[in-house]
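Please treat every number below as a calculation from the coordinates, not as lab data. A quick note: this is a predicted structure, and the numbers were derived from the prediction, not measured. No Cβ is skipped: glycine too gets one built from the backbone with ideal geometry, and neighbour counts run over all protein chains shown.
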Amino acid sequence: MITAIIFMDDWSFVHELLSTCRALGLDNLLIFSPEELVDVEKASTYGASEIISYRSPPIPPCVSRLLIQVVSERRPRLVVGLARKNVREIFGRAAQRLAASCANNCTDIEIVGDAVRIRRPVLGGGYVAVQELAGSPVFVTLRPDAFKLLPNNSAKKPVITSIDMTLKGWEIRIIDRRLSEKSRVDLSVAERVVGVGRGFRKKEDLELAEELAELICAEVGCSRPISSDLKWLPEDRHIGLSGKWIRPKLYIAIGISGQIQHVVGVKNAKTILAINNDPNSPIHREADYSVIADLYEFLPVLIRRLREEMGKERR
């Protein structure tokens, strides 16, 4: 009997998701994945028992129909995936059709008796809810905080099957496909991140933050308005509740007010430095170090001093 189905749309997290399921005491694991992404070697290495690959238009209504079919046939205890926008929609649709429990953005998961206990941020990330989900199956999307890593002691080749989705009779037609703009940067694994917010007056001014980031070997991220409203940076640079959750050794927040929706995404940073000219800005309460100054006056000085110090080291 399959005890868990792992929805795998990003195989870079296959170890984490399979390991988390095994840490929960679930050992007969099925991976449900788009056909073009399947990596049999990785699945074998990390303990998958079976892979079901699917061919379907990459839109949630179609994929959820296939997932419903597989879940109905295999009757797992748990269906788990990454806490991403498309996965949340797919799981929500499937859980509603199956009258099953569903919880998103979970930061912890455990099995307690006949229930699945999860923790997840609520009310804009200001609080953490502890909930027990009864019944079977339970659909859960996990944040990286929830991963439980275990070594795999036995590797065996998983059984592989495939299913196909036809759109005959569907009300959905795919007219065009366009790739969203991406920066090819994974902020979730960056050791240093420079975050930019509405304190910057125009897009060209972001060059100050980019210059600082280059000097300290950091990546540039942003608050939601910079990517979603102003479109100054790609969506995958957005840090916060509905964006990336990061855990760098150093996070420098420049011109960011520090609303809870953003702070949730940086709470695991080891050190936070805030640069904001408003002493009452919430970001200062979250920061380990604060600079209360105009970023347009402070950043050029900081960049110049860093260049001077680096020049001394080279000598």
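Where does the chain land at 222 nm, in deg cm²/dmol rounded to the nearest 500, when only DSSP H runs of n ≥ 4 count, each adding -39500 (n - 2.57), divided by all residues?
-8000 deg cm²/dmol
Which three numbers, in whole Å and largest first, are the semi-axes of the equivalent ellipsoid of region 4-164 derived from its Cα gyration tensor as √(5λ)?
23, 19, 14
Given a Förster distance of 45 angstrom, what is the FRET efficiency for S49 paired with N268, based on the Cβ-Cβ distance and rounded to 0.05?
According to the calculation, E is roughly 0.90.
Looking at the P(r) of region 187-314, how many percent of alpha-carbon pairs lie beyond 24 Å?
Within region 187-314, distances greater than 24 Å cover 20 percent of Cα pairs.
Can you pull the one-decimal nm distance between simple spin-label points at F147 and L215, each 7 Å off the Cα toward Cβ?
Taking the two extended label points, one gets 3.3 nm.
Give the long-range amide H neighbours of V196: residues separated by 5 or more places, or on another chain, with amide H under 5 Å away, using H modelled in the peptide plane at 1.01 Å from N.
Residues meeting the criterion, in which the H sits 1.01 Å from N, are G221, C222, S223, I254.
What value in Å³ per residue do you get for the convex hull of the alpha-carbon atoms in region 243-315?
Residue-normalised Cα hull volume stands at 97 Å³.
Tell me, what is the percent relative contact order of the chain, built from C-alpha pairs under 8 Å that lie six or more residues apart?
Contact order relative to length: 14 percent.
How far is helix 14-23 tilted off the main Cα axis of the chain, in degrees rounded to 10, range 0 to 90?
60 degrees
Hey, what's the Kirkwood Rh for the chain if you take every pair of different alpha carbons, in angstrom?
About 21.5 Å, per the Kirkwood formula over Cα pairs.
Between L123 and W11, what is the FRET efficiency for a Förster distance of 41 Å, r being their Cβ-Cβ separation, to the nearest 0.05?
The value I calculate is 0.75.
Build a GNM of the chain with springs between Cα atoms under 10 Å: which of K267, K42, K231 gets the top mean-square fluctuation?
K231
Filter the cross-link list K85/K231; K85/K156; K202/K270; K42/K148; K85/K270 down to pairs whose alpha-carbon distance in this structure exceeds 22 Å.
K85/K156; K202/K270; K85/K270
I need two numbers for region 1-72: Rg to one decimal and Dmax as a whole number, Cα atoms only, in Å.
11.8, 34
PRE reach from R178 (point 7 Å along Cα→Cβ): which of region 210-233 fall under 18 Å by backbone N?
Backbone N within reach: 227-233.
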